Each structure stands twice: as structure tokens, then as C-alpha cells.
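A.B. asks: Please see the structure below; I have some questions.
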Amino acid sequence: MTYRFDVITLFGDLMAPYLTGSMLGRAADKGLIDVRYTNPRDFTHDVHRSVDDAPFGGGAGMVMTPEPLAQAAEHVRTEAAPARVILLSPSGRVFDQTVAKEYCELGSLALVCGRYEGVDERVSEHVVDEELSLGDYVLTGGELGAMVVIDAVSRLLPGVLGNAAGAQEESFTDARLLEFPQYTRPRVWRGHDVPDVLLSGHHANIDTWRQQQRLKRTKDRRPDLWARYRDEQ
Ligand code: 4G3
């Protein structure tokens with residue numbers, strides 16, 4: 001019933017303020033989610049508490065050394081038994097709404113955040129279950145990705161959003177298509193009107209218009225999504 005997230009990060013102090021504020025903080029207060037942090041530095045045993053080292057083969061920057069991350073992950077597996085342990089990495093499977101729904105069903109997740117120029121490859125091979133990418137760009141660390149995953153998964157849980165059924169009522173919200181455009185008051189804003197059909201009160205016409213908008217916008221703006229949608233139809 002409580003979805004548990006464990007984040008393995010050097011920077012839990014930076015993540016906590018965002019995740020305890022706003023919607024996700026309310027979800028935590030209601031017992032719908034529980035986010036815990038484990039610091040790999042707490043699993044170092046040298047005087048300098050080192051979590052990184054120079055890359056074998058040379059090159060710029062530092063690489064996260066595997067043992068503190070492995071011990072942190074072992075600690076989390078023992079304490080929380082997460083359904084899956086995920087490394088945020090630009091080389092991973094790309095996160096999307098389908099993956100968010102898949103994770104939503106798991107009930108728990110551990111998210112491993114690397115920093116520096118990367119993470120020793122043996123973490124990917126022997127410590128985590130999966131590598132996940134938020135998209136084709138490089139960040140200074142996996143923490144923002146972990147927060148994106150926590151947000152996208154949490155909002156699918158029943159009770160986190162306003163509606164008790166949760167955002168899972170995806171018969172209207174086919175994740176393969178872009179959303180239809182939304183409007184609110186005022187009806188005329190700086191001379192720009194709201195589409196008449198939305199004011200008609202004719203719900204069948206509104207549903208048809210919205211579906212047409214979704215198809216057109218996807219075709220026009222996201223040929224990649226459009227091709228996949230047509231393949232799957
Ligand atoms: C290299 C994830 C860099 C390896 C992490 C972690 C982008 C993403 C890092 C690694 C990241 C992403 C940290 N940058 N696109 N930086 O999801 O495991």
C-alpha cells in the first residue's frame with residue numbers, strides 16, 4: 001500500500017526538500033509513498049571516505065568506485081527488499097510513461113545515482129538490475145532523474161492526485177499520443193477565444209474533437225511517436 005522508494009545518493013539533503021514539498025510531500029504525509037536515502041559515503045572505510053577515483057586508461061575526471069555503491073545497494077536490499085534496483089545512466093533504457101506504469105505496479109524501487117564522469121561498469125553488471133536513462137543528455141548526477149521517476153510513478157498511485165482512482169484511468173490518456181490542448185477561464189483572453197466545441201456542452205463532440213487533436217498534434221510534432229502508434233494499431 002505504501003510505495004517505497006530508496007535513493008542511493010551522495011546528495012539526499014538536496015533531494016529531500018523538493019520531495020517533501022508540494023504534491024509528493026502530501027503523498028508522503030498520507031502514507032502513500034515513503035522515500036528513503038542511503039549515502040554511499042557511509043559505506044566507505046578509508047580515512048578520506050572516498051567514493052571516486054581516477055579512470056583506468058586515463059582521461060579527465062573521476063569515476064565512482066564500485067564498493068561503496070555495492071554496499072549501499074546491499075544495505076537497501078536487506079532493509080527494504082526493493083522490487084528492482086535501477087541505475088540512472090545515459091546508457092540505459094529510456095524512461096517513458098509505459099515504464100512509469102510498469103514501475104507503478106512494482107510497489108517499491110531503489111534508484112542508484114552516480115556523480116562525476118560516470119560509474120564503474122561493474123556496478124551496472126553486478127549490483128543493479130537495470131540501467132535507466134531519462135533521455136539523450138548528460139547531467140552532473142542521477143539525482144534529477146531519480147526525482148523524475150519518483151514523481152512520474154507517484155502521480156499514478158491511487159490517492160496521490162485529486163481523484164481517488166489515480167491517474168491510471170488511462171482509457172482517455174493513451175500514453176502513446178500527445179495530450180489534447182486544455183483551456184480554462186477567461187473564455188476570451190487578449191482577444192483569443194476558446195474553441196467553440198468545448199463550450200457546447202456536447203460531450204460526445206468534445207471527446208471526438210479531443211481525440212482528433214491528439215492524433216493531429218502527434219502526427220505534426222512527434223513523428224517518432226506517430227510511427228509507433230500506427231505500428232501498434
Ligand atoms: C554517467 C543519468 C553519468 C554514468 C545520469 C551516471 C544523465 C542521465 C552519470 C552514470 C547522468 C540520464 C550521472 N546523466 N540521461 N549523470 O538519465 O551511471
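A.B. asks: Which condition does D34 not pass, out of (1) open to solvent by 60 Å² or more (accessible area, probe 1.4 Å); (2) in contact with a helix residue (DSSP H, G or I) (Cβ under 8 Å, 6 or more places away or on another chain); (3) among the charged types (D, E, K, R); (4) farther than 22 Å from H126 by Cβ, if it passes all the others?
C.D. replies: (1)
A.B. asks: Out of segment 137-149, which residues are more than 8 Å from the chain's Cα centre (by Cα) and near the ligand (Cβ under 7 Å from one of its atoms)?
C.D. replies: Listed by number, the residues that qualify are Y137, V138, L139, T140, G141, G142.
A.B. asks: Next question. Looking at segment 1-28 only, could you name the residues that are among the polar types (S, T, N, Q) and within 14 Å of V160 (Cβ to Cβ)?
C.D. replies: Taking segment 1-28 as the starting set, the residues that turn out to be among the polar types (S, T, N, Q) are 2, 9, 20, 22.
If the condition is that a residue be among the polar types (S, T, N, Q) and within 14 Å of V160 (Cβ to Cβ), then T2, S22 are the ones that fit.
A.B. asks: Now a separate question. Could you check how many residues of segment 37-72 are small (G, A, S) and open to solvent by less than 40 Å² (accessible area, probe 1.4 Å)?
C.D. replies: Step one: list which residues in segment 37-72 are small (G, A, S), which gives 50, 54, 57-61, 70, 72.
Among the residues that remain, those that are also open to solvent by less than 40 Å² (accessible area, probe 1.4 Å) are: 61, 70, 72.
Number of matching residues: 3.
A.B. asks: Filter segment 138-191 down to residues that are within 30 Å of D231 (Cβ to Cβ), at pLDDT 95 or above and small (G, A, S) and give me whichever is surrounded by the most Cβ atoms within 10 Å (Cβ to Cβ).
C.D. replies: Ranking the candidates gives G145 first.
A.B. asks: Testing D151 on (1) under 28 Å from D34 (Cα atoms); (2) in a loop (DSSP other than H, G, I, E, B); (3) charged (D, E, K, R), one condition comes back false. Which one is that?
C.D. replies: Checking D151 against (1) under 28 Å from D34 (Cα atoms); (2) in a loop (DSSP other than H, G, I, E, B); (3) charged (D, E, K, R), the one that fails is (2).
A.B. asks: Restricting the search to segment 118-130, which residues are buried (at least 18 other Cβ atoms within 10 Å of the Cβ) and either away from the ligand (no atom under 12 Å from the Cβ) or at pLDDT 95 or above (or both)?
C.D. replies: Filtering segment 118-130 down to residues buried (at least 18 other Cβ atoms within 10 Å of the Cβ) leaves 118-120, 123-124, 127-128.
Hits for segment 118-130 are V119, D120, V123, S124, V127, V128.
A.B. asks: Within segment 61-117, how many residues turn out to be more than 9 Å from the ligand (Cβ to nearest atom), on the phi > 0 side of the Ramachandran plot and touching an Asp or Glu at 6+ places or on another chain (Cβ under 6 Å)?
C.D. replies: Residues in segment 61-117 being more than 9 Å from the ligand (Cβ to nearest atom), on the phi > 0 side of the Ramachandran plot and touching an Asp or Glu at 6+ places or on another chain (Cβ under 6 Å): 1 in total.
A.B. asks: When you look at R230, is it exposed (fewer than 13 other Cβ atoms within 10 Å of the Cβ), at pLDDT 95 or above, part of a loop (DSSP other than H, G, I, E, B) and out of contact with any Ser or Thr (no Cβ under 6 Å at 6 or more places or on another chain), yes or no? If you could, list the steps in order and put the result at the bottom.
C.D. replies: Details: exposed (fewer than 13 other Cβ atoms within 10 Å of the Cβ): yes; at pLDDT 95 or above: yes; part of a loop (DSSP other than H, G, I, E, B): no; out of contact with any Ser or Thr (no Cβ under 6 Å at 6 or more places or on another chain): yes.
In short, no.
A.B. asks: Looking only at segment 91-116, filter to residues that are in a loop (DSSP other than H, G, I, E, B) and closer than 22 Å to L69 by Cβ; which one of those is most open to solvent (accessible area, probe 1.4 Å)? Let's see the steps before the verdict.
C.D. replies: Taking segment 91-116 as the starting set, the residues that turn out to be in a loop (DSSP other than H, G, I, E, B) are 95-96, 105-107, 113-114, 116.
Those left that are additionally closer than 22 Å to L69 by Cβ: 95, 106, 113-114, 116.
Details: F95: 27, L106: 56, C113: 2, G114: 11, Y116: 85 Å².
Filtering segment 91-116 for residues that are in a loop (DSSP other than H, G, I, E, B) and closer than 22 Å to L69 by Cβ, the one most open to solvent (accessible area, probe 1.4 Å) comes out as Y116.
A.B. asks: Being in a strand (DSSP E or B) and within 23 Å of T38 (Cα to Cα), is that true of even one residue in segment 117-128?
C.D. replies: Step one: filter segment 117-128 for residues in a strand (DSSP E or B), giving 119.
Subset that is within 23 Å of T38 (Cα to Cα): 119.
The answer is yes; a qualifying residue exists.
A.B. asks: Just to be sure, is L134 near the ligand (Cβ under 8 Å from one of its atoms) and at pLDDT 95 or above? Steps first, answer last, please.
C.D. replies: On the way: near the ligand (Cβ under 8 Å from one of its atoms): yes; at pLDDT 95 or above: yes.
So L134 fits the description; yes.
The values are calculated or read from the model by the stated rules, or taken from the named source; none is laboratory data. Computed from a predicted structure; not experimentally measured. Note that we place each Cβ from the backbone using ideal geometry, even for glycine, and neighbour counts take in every protein chain shown. What goes into the accessible areas is simple: the full protein's heavy atoms, side chains included, and nothing from ligands, DNA or RNA. Shrake-Rupley method; radii C 1.70, N 1.55, O 1.52, S 1.80 Å.
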